[in-house]
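Chemist: Next up is a structure, given as structure tokens.
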Amino acid sequence: MILEVAMLTANVGQERALEEAMAKAAPVIAGSPGYLGHERRRCVEAPGRYLLLVQWETLEAHTMGFRQSPAFTKWREIIGGFFAAAPVVEHYAGVLRWPQV
């Protein structure tokens, strides 16, 4: 499993609108092959900053399957207008999970 970590920054005053747009865009990303789930978190210290955490079966499911699909274009059309800057996106592979299950 690969964890996509995207740091998103909302335009000032559009935080609520971005949250609503992300909810509207959720089914678009959820329908992608290799998608396993996602969550959104708002920064406590900087309320206009968000983390989008998406679980993918493989890196390619995100970078090739979703990012190069019409679904990405649709997803970006829904939420892209609310970004103050381009999202910073990185991918992480598991190393340790605690407690161990």
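Chemist: Could you check, for segment 57-74, whether at least one of its residues is touching a Leu at 6+ places or on another chain (Cβ under 7 Å) and either among the aliphatic types (A, V, I, L, M) or over 15 Å from residue 8 (Cα atoms) (or both)?
Modeler: Kept after step one, since they are touching a Leu at 6+ places or on another chain (Cβ under 7 Å), are these residues of segment 57-74: 57.
Then drop every residue that is not either among the aliphatic types (A, V, I, L, M) or over 15 Å from residue 8 (Cα atoms) (or both), which leaves 57.
Yes, because at least one residue in segment 57-74 is touching a Leu at 6+ places or on another chain (Cβ under 7 Å) and either among the aliphatic types (A, V, I, L, M) or over 15 Å from residue 8 (Cα atoms) (or both).
Chemist: Here is a follow-up. Based on what the data block shows, is residue 4 of a type in the set (Asp, Glu), at negative phi and part of a strand (DSSP E or B)? Before you say what the answer is, go through the steps one by one.
Modeler: On the way: of a type in the set (Asp, Glu): yes; at negative phi: yes; part of a strand (DSSP E or B): yes.
Answer is yes for this residue.
Chemist: Yes or no: segment 1-20 includes at least one residue that is at pLDDT 95 or above, β-branched (Val, Ile, Thr) and over 30 Å from residue 97 (Cβ atoms). If you could, list the steps in order and put the result at the bottom.
Modeler: Just the residues of segment 1-20 that are at pLDDT 95 or above, to begin with: 1-20.
When the remaining residues are screened for being β-branched (Val, Ile, Thr), the result is 2, 5, 9, 12.
Then drop every residue that is not over 30 Å from residue 97 (Cβ atoms), which leaves 12.
The answer is yes; a qualifying residue exists.
Chemist: Here are the criteria: (1) touching a His at 6+ places or on another chain (Cβ under 8 Å); (2) free of Cβ contacts under 8 Å to residues at least 40 places away in the same chain. Tell me which single one residue 62 does not satisfy.
Modeler: Among (1) touching a His at 6+ places or on another chain (Cβ under 8 Å); (2) free of Cβ contacts under 8 Å to residues at least 40 places away in the same chain, the lone unmet condition for residue 62 is (2).
Chemist: Tell me, which residue of segment 7-18 that is in contact (Cβ under 8 Å) with a residue 24 or more places away in the chain and outside any loop (DSSP other than H, G, I, E, B) is farthest from residue 88 (Cα to Cα)? Give the derivation first.
Modeler: Initial filter on segment 7-18 (in contact (Cβ under 8 Å) with a residue 24 or more places away in the chain): 7-12, 14-15, 17-18.
Applying the additional criterion that residues be outside any loop (DSSP other than H, G, I, E, B) yields 7-10, 15, 17-18.
Working: 7: 5, 8: 7, 9: 9, 10: 13, 15: 17, 17: 20, 18: 16 Å.
Residue satisfying both the conditions and the ranking: 17.
Chemist: Let me ask another. Run residue 92 past the list (1) surrounded by 13 or more Cβ atoms within 10 Å (Cβ to Cβ); (2) touching a Leu at 6+ places or on another chain (Cβ under 8 Å) and report the number of the one that doesn't hold.
Modeler: The failed condition is (1).
Chemist: Return yes or no: is residue 65 out of contact with any helix residue (DSSP H, G or I) (no Cβ under 6 Å at 6 or more places or on another chain), within 16 Å of residue 2 (Cβ to Cβ) and surrounded by fewer than 15 Cβ atoms within 10 Å (Cβ to Cβ)? Please lay out each step first, then the result.
Modeler: Working: out of contact with any helix residue (DSSP H, G or I) (no Cβ under 6 Å at 6 or more places or on another chain): yes; within 16 Å of residue 2 (Cβ to Cβ): yes; surrounded by fewer than 15 Cβ atoms within 10 Å (Cβ to Cβ): no.
So residue 65 fails the test.
Chemist: Looking at residue 77, is it acidic (Asp, Glu), farther than 12 Å from residue 3 by Cα, surrounded by 12 or more Cβ atoms within 10 Å (Cβ to Cβ) and at pLDDT 95 or above? If you could, list the steps in order and put the result at the bottom.
Modeler: Details: acidic (Asp, Glu): yes; farther than 12 Å from residue 3 by Cα: yes; surrounded by 12 or more Cβ atoms within 10 Å (Cβ to Cβ): yes; at pLDDT 95 or above: yes.
So residue 77 fits the description; yes.
Chemist: Within segment 36-85, which residues are among the acidic types (Asp, Glu) and over 11 Å from the mean Cα position of the chain (by Cα)?
Modeler: 45, 57, 60, 77
Chemist: Kindly indicate the residue of segment 20-42 that is in contact (Cβ under 8 Å) with a residue 24 or more places away in the chain and either on the phi > 0 side of the Ramachandran plot or assigned to a helix (DSSP H, G or I) (or both) and also surrounded by the fewest Cβ atoms within 10 Å (Cβ to Cβ) among those meeting that condition.
Modeler: 24
Chemist: Could you tell me whether segment 84-101 includes any residue that is touching a strand residue (DSSP E or B) at 6+ places or on another chain (Cβ under 6 Å) and assigned to a helix (DSSP H, G or I)?
Modeler: No, segment 84-101 contains no residue that is touching a strand residue (DSSP E or B) at 6+ places or on another chain (Cβ under 6 Å) and assigned to a helix (DSSP H, G or I).
The values are calculated or read from the model by the stated rules, or taken from the named source; none is laboratory data. Fair warning: this is a prediction, and the values are worked out from it, not measured in the lab. Please note: Cβ atoms are built from the backbone with ideal geometry, for glycine as well, and neighbour counts cover all protein chains shown.
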